[in-house]
Every structure is written in structure tokens, then in C-alpha cells.
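These notes concern the structure reproduced below.
The values are calculated or read from the model by the stated rules, or taken from the named source; none is laboratory data. What you see is a predicted model, and the numbers here were worked out from it, not measured in a lab. Cβ placement follows ideal geometry from the backbone for every residue including glycine, while neighbour counts extend to all protein chains displayed. SASA here: full protein model, heavy atoms, side chains in, ligands and nucleic acids out. Shrake-Rupley method; radii C 1.70, N 1.55, O 1.52, S 1.80 Å.
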Amino acid sequence: MSLKPQSADWLLLWTLRCLGAIAGAIVIAIVIFLVLEALPVLQQVGIGRFVTDPSWHPAEGFYNLMPMLWGTLLAMGGSVLIATPLGILSAIFCQYYAPKWLANLYRRLIELLAGIPSVVYGFWGLVVLVPLINRLHPPGTSLLAGIAILTIMILPTIALTADASFTKIPSSYLLGAASLGLSRWGTICGIVLPAAKSGLFTGVILETGRAIGETMAVLMVCGNVVQTPHSLFDPIRTLTANIALEMAYALGNHRSALFVSGLVLMGAIALLVVIAEAISQEEIYG
Amino acid sequence: MAKKKGVQKSEVRSQKSEVNFLPCSPASPASPSPHLPISPSPPPLSLLPTITVWAIALLVTATFAWIVGDIIWHGAGTISWEFLTTAPKNSGREGGIAPILVATGLILGVCLAVSLPLGIGTAILLAEFTPTDSWFGRLVRRSLDVLAGVPSIVFGLFGNVFFARTLGLGFSILSGGLTLACMVLPILIRSAEEGLRAVPNDYRLAAASLGLSRTTTLWQLLLPAAVPGLLVGLVLGIGRAMAETAALIFTSGYVDRMPQSLFDSGRALSIHIFDLSMNVSGGDTNAYGSALVLVVLLLLINGTAAQIADRWLHKF
Amino acid sequence: MKNQQKYTALAVTLSLGMLLSACQQNSPKTQLTLTGSSTVAPLTSEIAKRFEAKHPGVRIDVQTGGSSRGLADARSRLANIGMVSRNLKGNETGEFQSFAIARDGISIILNTNNPVKILSNEQILNIYQGKIENWKQVGGKDAPITVVNKAEGRSTLELFLGYFKLENSQIKADVVIGDNQQGIKTVAGNPNAIGYVSIGTAEYDIERGVPIQLLPIGGVEASTKTVQNGTFPLSRPLLLVTAKPPSGLTKEFIDFAQSQEVYDIVKQQNFVPIATKNVAKTSVR
């Protein structure tokens, strides 16, 4: 767009710039306010104690966040590991296996799944899933329950992204594959998946972000014990659940410490964005 | 017509997928795929993958049916005209959800009133007036990428400190709505930007050659043409805002009475569900009922928006 | 480029100004804000509704957040009245005026499928510290015990810790819960779980067929009756607190919340009304 704006457009342009600046400034404002609120405890206690303290008992002055960071990472890792293949295969089902009417129906269903509020998932998990796991291995509220609920919650994200990126594959690719005599599965493995690679990466990054940020459902099914889990059946507490669980009851340093967990979460998301960026750069120039 | 519908739908989906972190990355086909002719293995037993794929589809459907079935099974009995039009009694165990629906609507209203102009404005700026490589555009885009990924509970912390305390709005519908506005902003911007970019460049060139100002071009040509894209963003935004719990606990609060002004605290539907299931003994029945109402509302909004987008597309 | 930065700063300032001016509108004086304990909140909500019905034009907002939040907000005048679900301790008694509106007991709950019907304080202590890990050690089935504990900051937790003289860090929990109902759901869904919740809430759920049982503590049966007559050892008052002696609407509301007019609400919310004599005693303090 090299068209020079006319002078009459001056007002519009600057209005838009103001709006854009506000939109862009929100993230900065969030970080600033988190830091301001976290500062008291960081000054008094220091960053190191958040890693080295024996436990998380803010009322007694212990602030170790590591077990919750592990909880967040494990729940995230597990659910992404399961949801990614399920989601991609779901999309493959839509595009290449199901008859058209069924594919449309299935798509609608996934979209609906994406729209269900997390409280509802958590509620279902608490009443149905947790007692089920408990029968397998008590106490039921566990890392496993968290992974299961998160998997269901992030599945639509990866499925819809994958589906969209499959739609964009030029049909000439598929025709070429067909003329080479590739089987349906051969086409998918050899052509569709590589061609849709960057779209799939986007999906994985998106679902990872969602898995890290999920709060209410995880709070309801994970057991919320602050510990580094040793098995799938151990209860865990995630950073997000920690904030939701204690924020309303926290004062002073305890409250500050919760804002530190908020900062840690922001850091994790920023890291994800950087990774996403790196991958997309590689896609373009590599 | 059928064809048109199909095209629009795939567009809808592609926009949905590119809502958050990486939307600017070109879709794969644009970059040449070097792997094209290599088929790594001879066709394996073709039955096995087919079965797997169908089984997974079945599994997902079954899980979904289980969850929704559970809600409908327990919630359908609760829903009645009375449930929708009366106030909760006895901490929500009895009575309906009327004030909660109103509060949810108001929160949503505030959220959209703020985020729509802000979002569309920013989208126009990014799509029409900012070269992709300018520092300003890049900065705004990056920060929006991060914003899109911020966990909702962190929005809750921010809203609590900034809107409720620093600006002195307290626990109010205004605080909640503004917090949600920050949250849905990246979604709106992304979809609106996609919508604008989808408008063929010929429109702009033709308008410029007619000597129209860019303001006129924008109002008369570009915005109408971008409406479907905007609507998609709107639906996604509303969906996310309505389903939100974590960000609202610390901002819009807990009061379950009919709000009289935007400065009153109001309980959103999802918080009502959370409170009934976690804090009120014997609240499950109404929690299921409220959950059903919420899901149906989301469905209705999705459906209506799809309809409108369809119709709009026909006008052009 | 410099220009752009200037305008960016301008834009931010402008938007802030707009927001600030939007909130200049003062709230009417006929409004009371109560914050604090999530245990007391449902009760005061209901009382507030009845109060509003009798006093048109008055609006009472009830927010939850825990007892310490109630005290902090009452101190900073963010709230007119704080709600506290424990006895005031130390210098709090001097700083705040407190008014009891009800009592609540806390006891141990088990699943009905658990054959254990009684636990000594010693046994409870050992279970919560992880020294007893299987139900057969206390006369039950051969099954691992699932210990349900409350999250940091809850008064229920403080009361429980205080009675058993424990530190929270000594407790080896398997599940940490936020609110009462989550605890009841957890124990109802797990035959090997042990938890502690408000007696009134538990009684209400037992009546409705939720598979949980209340255990006696120190040999005293856990019921609203024993809480009422003061024999049950693990109980707490539900208090309204103010930073200065209440006057005007605040006083009117507190008086109303303590009057017999709301006893039915107190009972309906599964708490124990306080005999008028006790009320007088507490409010003098």
C-alpha cells in the first residue's frame, strides 16, 4: 500500500493509531501491574526462595513454586501428547475418510466441544471422571484426571486447526498422489502431513497455550496437593489452580507470591510465542 | 449456493484456526514443499489406519455425547420459564437465574462495547495502514500474540488490580466487562484483520482511481466486505467471554441479585455454576440447569452468527 | 517516529482519563458492602435479601473471599462490614467490633461405605500426619486412606489445625479442596477418603442421601444440637465485624442479622442460631 493518505484521512489514521497503541499497550500494562504487585515479596524474600524453599506454605513463610511448575508442565505435556495425535487423526477423518455429511456433522460437534465452558468440563470431571479413576487407584483426583480433562478441552483446538490447514492443501498435490498410485494412508503420511506441517505446528502451539492457562477444570479434578508427582495417580496443583484457590484468601506476602506465579505463567506464554516465531521463521527461510 | 456456502465455511474455519499466536505465518502451500514426491514406505495394510481413524472419531464422539448427555439428562428437568425468569433463592438451591442472565448480558455488553471499536480499529490499522515490516505494526502484533496466550486467571489478577483497585471500580460489572474486553481483543483483531485482508486489492485500487478518500473507501467498501470475518471474530469472542470463569471471580464478583447499574457487582452464569457445584450443598440440580442454559446460549449465538454471515455473503 | 511515540503516550493517557471519569459517579449512600468468609456469605446474602425487602432503596452487596479478607477490607473501609468465620485472635479483638450471627461446628466426615464409625483424636492426628496410612490400622478395610485437607487461608483449616495443634506443613494430604461442597463431593465419591467440613452442610447433604457420615469428635456426637448446646468441641462463631462502632444503616443491618427474625434463614443455611443471651455477651466485647 503505497497510496499516500489524503489530508482528509489524517483524523482517521491517528484515531486508528491511538486504538492500536491501546491494544498493544495492554500486555505491557499487565506485565507492569503483575511486577508491581509481585515486587514486595521479591524484595523481601528474593527470587531464589521460590525455587529452594522446602514447600509451599505461604502462611508459614515458605514459597517454593517448583512443584506447581512441574504440575503445570506435566499436565500440559501429557495432554498435548495425547490430544495432538487424536486431534490430527480427527481432522484426517473429516477430510479424507468420512462421507461429506458425516464430516460436516463431526465438524459441528468439535466446534460445539470447543464452545463448552471449562466449568462444565470440570463439573463433569469431578462427578464422573474422578470417581472412575478412584476405583482404579485412589484418590482419583490426580495428574491423570487433569490430563484427561485437559485432553478433551484442547482436542478441538488442534482438530480445527489441523482441519483448516488440510483444506488449504492444493488439490493438485492430491491428484498427483493419486496418479502415482499412492494409497489413501500413503498419501496422508507422504504428502498431506508434510504439506500441512506449519499449520499443524500452529495448532500444537495453540493447544499448549490453552493447556497451560486452563484453570477451573483443573482446579476441580487435580486434587491440588502441592507436590512433585511420582506417578500418574498422584494429585497435583498447577500454577493457575493455585492462584484461583488462594487469591481470594491471600494477604500481604502470600498475595504477592501469587502474582509471582502469574509472572511465571506470563513467562511461559512468552516463551511459547518465541518458539512459535522461531518455527515459523524456519518454515519461511529454512 | 451450496458451493458458496462451502467456501465460506472453510474460510471461517481457517480464520478460527489462526486466531492466536502464529496467524501471520503463511499457510503451508505457499512455501514449496520439498517432501512432495517421496512416499516413505510402500502402502501399508490399508485397513489398519482406516479402522484407527474411524475408532478415534467414534471415541471423540462418544466422549462428547457422554458429557453433553450428562448435562442434558440432569439439567433438562430444571429448565422452565420460571427458572429463566425468577431470582435465585436459598443461595441458588431454589429459584431461577434471571439476575444472573442479566448480569452475564451486561458484562458481555460492556466487553463488546469496548473491545469492538478498539479491535476493529486496530485491525484496520494493521491491515490497511501499516506495512507489515514497520516497527509499530510488528510491536503491536507481537504484543497481541502474547495477549492471546495469557491465561485467563492472569487476566483476573490484572483486572482485580487495575480496574477494581487502581481505577476504583471495585467488584463491578464494569470491571468484569473491561477485563473480558482485554481478553477477547486479540481474537477480534485477528479475525477482523483476516476479513479485511480477504477483500481483493482491486477494490482499493478502483476506489483510489475514482479519487475517493481512504476514509470513504473504508466505510463504503472495505468494512462491509469484511463483515463475515468480523462476525466470526465476534462469535469466537462472545463464546470465550461467556464461558469465562477465572477472570471474572476477582473482577465482577459474586452478588446474585438483579444489577441496577454497571457499578453493581453481578454474578456471571459460569461463576454461578462454579459456586453452586463447589460451595452450595444441594446446588447440583440448578448447576446442571445453568450449565445447560449456558451451552444452549452458546449454540444459539454460534448458529445465528453463521446465518447472518451467510446472508451477508449473498448480498454481495 | 518521535511523533508516533508522543501520540502513543497521548492515547494511553486519554484512555485512562476516559475510564477514570467514567467512575467518578458516586454510589448511593444506601448501599452496604460486605466481604469475607465464603462460609458466611450465603447466609448474609439471604439475610440481606430480606433486609432489602423491608427497606426499599437499600442495596447490600455481599462478596466472598475468606475471613482474613473480611478483616482486611473492614480495616481499610473497602467494606462496611467484614464477615469472619472464626474467633478473633490476639489484637484483632481490640481492633474490631464483632457481632456473632450464628455458630457452626466442624467435624470429620467419611464415606458411608467405610465401616469405621469412630476415631480417637490421636488416630485422626496420625492419619492427617501420614503416620497411619491404611484403614485396617484403625479397624477398617484394607485400603489406603485418602486424606482431604483444606487450602491455605480457609478458617476451617485454621480451626482444625488449632484444635489438633498442628502446622499445615505437617499434614500429608492426598487432596486439597477449596470449598465445603468440593470436600463433600470428594468424600462421597471415594469410600476411603477422610475429610472435615461444616456440620450443618454435612447434615443437609446426609438428609438428601449423599453417602457420607459424620464422626463424633472427642466422644461428642457431631450434630447441630451439640453445637447449639456448646458441648461439641470444634465449633466457631460466624461474625460480622466493623472497624469502628457501627452506626446508621450498618448498625441497623447488624441488629437485624442478630434478631430472631432471621433464625429461619440461619437454620435454612444449616447453621446454628445463637441464643439472644450469647449475642449480648459477644456484642459487648
Rank C:ARG208, B:ARG240, A:ARG135 by accessible area, highest first, at a 1.4 Å probe radius? A:ARG135, C:ARG208, B:ARG240
For the pair B:THR85 and C:THR30, how long in nm is the line joining their label points, each one 7 Å along Cα→Cβ? 2.7
Accessible area of C:LYS49 in the full protein assembly, 1.4 Å probe (Å², nearest 10): 50
Let me know the Rg and Dmax you get for region C:105-228 when you use only its Cα atoms, in Å. 13.1, 37
Return the distance in nm (one decimal) between the two label points of a simple spin-label model at C:ASN91 and A:GLN44, each offset 7 Å from Cα along Cα→Cβ. 1.5
So how do A:VAL221, B:VAL146 rank on accessible area, 1.4 Å probe, biggest first, that is with the largest at the start? B:VAL146, A:VAL221
I need the per residue convex hull volume for region A:70-233, using only the alpha carbons, in cubic angstrom as a whole number. 122
Region B:174-316 - Rg (one decimal) and Dmax (whole number), Cα, Å: 20.1, 69
Area accessible to solvent at B:ASP256, 1.4 Å probe radius, in Å²: 10
With a point put 7 Å past each Cα toward its Cβ, work out how far B:ARG165 is from B:THR285 in nm, to one decimal. 4.2
How many times 2.2 N^0.38 Å is the alpha carbon radius of gyration of region B:71-315? 1.15
Roughly how many debye, to the nearest 20, is the charge dipole of region A:1-111 about its Cα centre, given +1 on each Lys and Arg Cβ, -1 on each Asp and Glu Cβ, and no other charges? 540
Pairs beyond 25 Å (Cα-Cα), from C:LYS141/C:LYS185; C:LYS141/C:LYS267; C:LYS165/C:LYS267; C:LYS89/C:LYS251; C:LYS117/C:LYS185: C:LYS141/C:LYS267; C:LYS165/C:LYS267
Would you tell me the accessible area of A:THR240, worked out with a 1.4 angstrom probe on the heavy atoms of the protein chains, in Å² to the nearest 10? 0
For chain C, place one equal point scatterer on every Cα, skip the solvent, and apply the Debye formula. What is log10 of I(q)/I(0) at q = 0.13 Å⁻¹? -0.88
Prolate/oblate/rounded call for region C:195-250, Cα gyration tensor, a/c under 1.5 rounded: prolate
Note to self: Kirkwood Rh of the protein assembly as shown, Cα pairs, one decimal, Å, is 28.8
If a paramagnetic tag sat 7 Å from the Cα of C:LYS131 along the Cα-Cβ line, which residues of region C:148-178 would have the backbone N under 19 Å from that point? C:148, C:160-174
If contacts are Cα pairs under 8 angstrom and at least 6 residues apart, what is the relative contact order of region C:202-260 in percent? 18
